[in-house]
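Asks: One structure, pasted below without further comment.
The values are calculated or read from the model by the stated rules, or taken from the named source; none is laboratory data. These numbers were taken from a predicted model, which means no experiment stands behind them. With ideal geometry, Cβ positions are generated from the backbone for all residues, glycine too; neighbour counts draw on all protein chains shown.
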Amino acid sequence: MDTVLADSDFRFFCCVAARDPADPVARFADPWTAYLKLFERLLIGAIRPGEITTVLADNYSTPDHDLLEEDLKSNVNRRLRRLGIASVVRLDSRATDGLQAVDVLTSAIAFHHRLTAGLAGSRSPKALLADHVAQRCGVPDFLTERKTACLGLRMYDHASRPGIAGPDVGE
């Protein structure tokens, strides 16, 4: 992973949504809609002006009637008022080095939250990896909102942060 990240001009955006106290599933009625709305918000914040992107997403299981790819592309482009997403493709994360790197980055962020909740040890290999990833991203940890050249980390709180996932999420 270090090579994939070191040899690229990567930018990683992540939204941490703890189910307590601000549960996005309760807000949006089901896990698939919550996932879609958080994904939309994340992409709207990540796509640079004039940039057109293709989204390679982990193959998140959804009901047969779910149209994640179409809905995500349509909703983000409508919100941006332009073509920002050319296509959305779901892949098994083992299919590309990029999705493998995203899995590692996401796991590192989740680990710091599990550690703080007392659900993990601070000396495990996962703890060492999480600390290493934080150092590579130029932050001490992943427990609060951060913005660096390569990292955009937000904490979901629908009660007080409309810019993250509040009324402007496209409800």
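Asks: Is it the case that some residue within segment 111-127 is within 20 Å of ARG11 (Cβ to Cβ) and part of a helix (DSSP H, G or I)? I'd like the intermediate steps shown before the answer.
Replies: Initial filter on segment 111-127 (within 20 Å of ARG11 (Cβ to Cβ)): 112.
So of that shortlist, the ones also part of a helix (DSSP H, G or I) come out as 112.
Within segment 111-127 (the criterion being within 20 Å of ARG11 (Cβ to Cβ) and part of a helix (DSSP H, G or I)), the answer is yes, since at least one residue qualifies.
Asks: Among the residues of segment 70-109, what is the count of those that are without any contact (Cβ under 8 Å) to a residue 60 or more places away in the chain, out of contact with any Asp or Glu (no Cβ under 7 Å at 6 or more places or on another chain) and closer than 22 Å to ALA127 by Cα?
Replies: 3
Asks: So, PHE10, is that one closer than 25 Å to ALA108 by Cα, buried (at least 16 other Cβ atoms within 10 Å of the Cβ) and modelled with pLDDT under 85 or not?
Replies: Working: closer than 25 Å to ALA108 by Cα: yes; buried (at least 16 other Cβ atoms within 10 Å of the Cβ): yes; modelled with pLDDT under 85: yes.
Criteria met by PHE10.
Asks: So how many residues does segment 32-51 have that are assigned to a loop (DSSP other than H, G, I, E, B) and surrounded by 13 or more Cβ atoms within 10 Å (Cβ to Cβ)? Break it down stepwise before answering.
Replies: To start, the set of residues in segment 32-51 that are assigned to a loop (DSSP other than H, G, I, E, B) comprises 47-51.
Remaining after also requiring surrounded by 13 or more Cβ atoms within 10 Å (Cβ to Cβ): 47.
So the count comes out to 1.
Asks: Which condition does GLN100 not pass, out of (1) within 25 Å of ALA149 (Cβ to Cβ); (2) modelled with pLDDT of 90 or more; (3) surrounded by 13 or more Cβ atoms within 10 Å (Cβ to Cβ), if it passes all the others?
Replies: The failed condition is (2).
Asks: Return the residues of segment 52-69 that are touching a Lys or Arg at 6+ places or on another chain (Cβ under 8 Å) and part of a loop (DSSP other than H, G, I, E, B); say none if nothing qualifies.
Replies: Within segment 52-69, ASN59, TYR60 meet the criteria.
Asks: Got at least one residue in segment 37-50 being among the β-branched types (Val, Ile, Thr), touching a strand residue (DSSP E or B) at 6+ places or on another chain (Cβ under 8 Å) and either within 29 Å of LEU115 (Cα to Cα) or at pLDDT 90 or above (or both)? It would help to see each step written out before you state the result.
Replies: As a first pass, look at segment 37-50 and keep what is among the β-branched types (Val, Ile, Thr): 44, 47.
Checking which are touching a strand residue (DSSP E or B) at 6+ places or on another chain (Cβ under 8 Å) leaves us with 47.
After this cut, where a residue has to be either within 29 Å of LEU115 (Cα to Cα) or at pLDDT 90 or above (or both) as well, the list is 47.
So far as segment 37-50 goes, yes, one or more of its residues are among the β-branched types (Val, Ile, Thr), touching a strand residue (DSSP E or B) at 6+ places or on another chain (Cβ under 8 Å) and either within 29 Å of LEU115 (Cα to Cα) or at pLDDT 90 or above (or both).
Asks: Which condition number in (1) of a type outside the set (A, V, I, L, M, F, W, C); (2) more than 18 Å from the chain's Cα centre (by Cα); (3) surrounded by 16 or more Cβ atoms within 10 Å (Cβ to Cβ) is the one that PRO63 fails?
Replies: It is condition (3) that PRO63 fails.
Asks: Go through segment 116-171 and give me each residue that's β-branched (Val, Ile, Thr) and modelled with pLDDT under 85.
Replies: Taking segment 116-171 and keeping what is β-branched (Val, Ile, Thr), we get 116, 133, 139, 144, 148, 164, 169.
Scanning segment 116-171 gives ILE164, VAL169.
Asks: Let me ask something additional. Looking at segment 73-97 only, could you name the residues that are at pLDDT 90 or above, part of a helix (DSSP H, G or I) and touching a helix residue (DSSP H, G or I) at 6+ places or on another chain (Cβ under 6 Å)?
Replies: Hits for segment 73-97 are ASN75, VAL76, ARG79.
Asks: For segment 13-31, what are the residues that are of a type in the set (A, V, I, L, M) and assigned to a helix (DSSP H, G or I)? I'd like the intermediate steps shown before the answer.
Replies: From segment 13-31, those of a type in the set (A, V, I, L, M) are 16-18, 22, 25-26, 29; that's our starting set.
Selection gives VAL25, ALA26.
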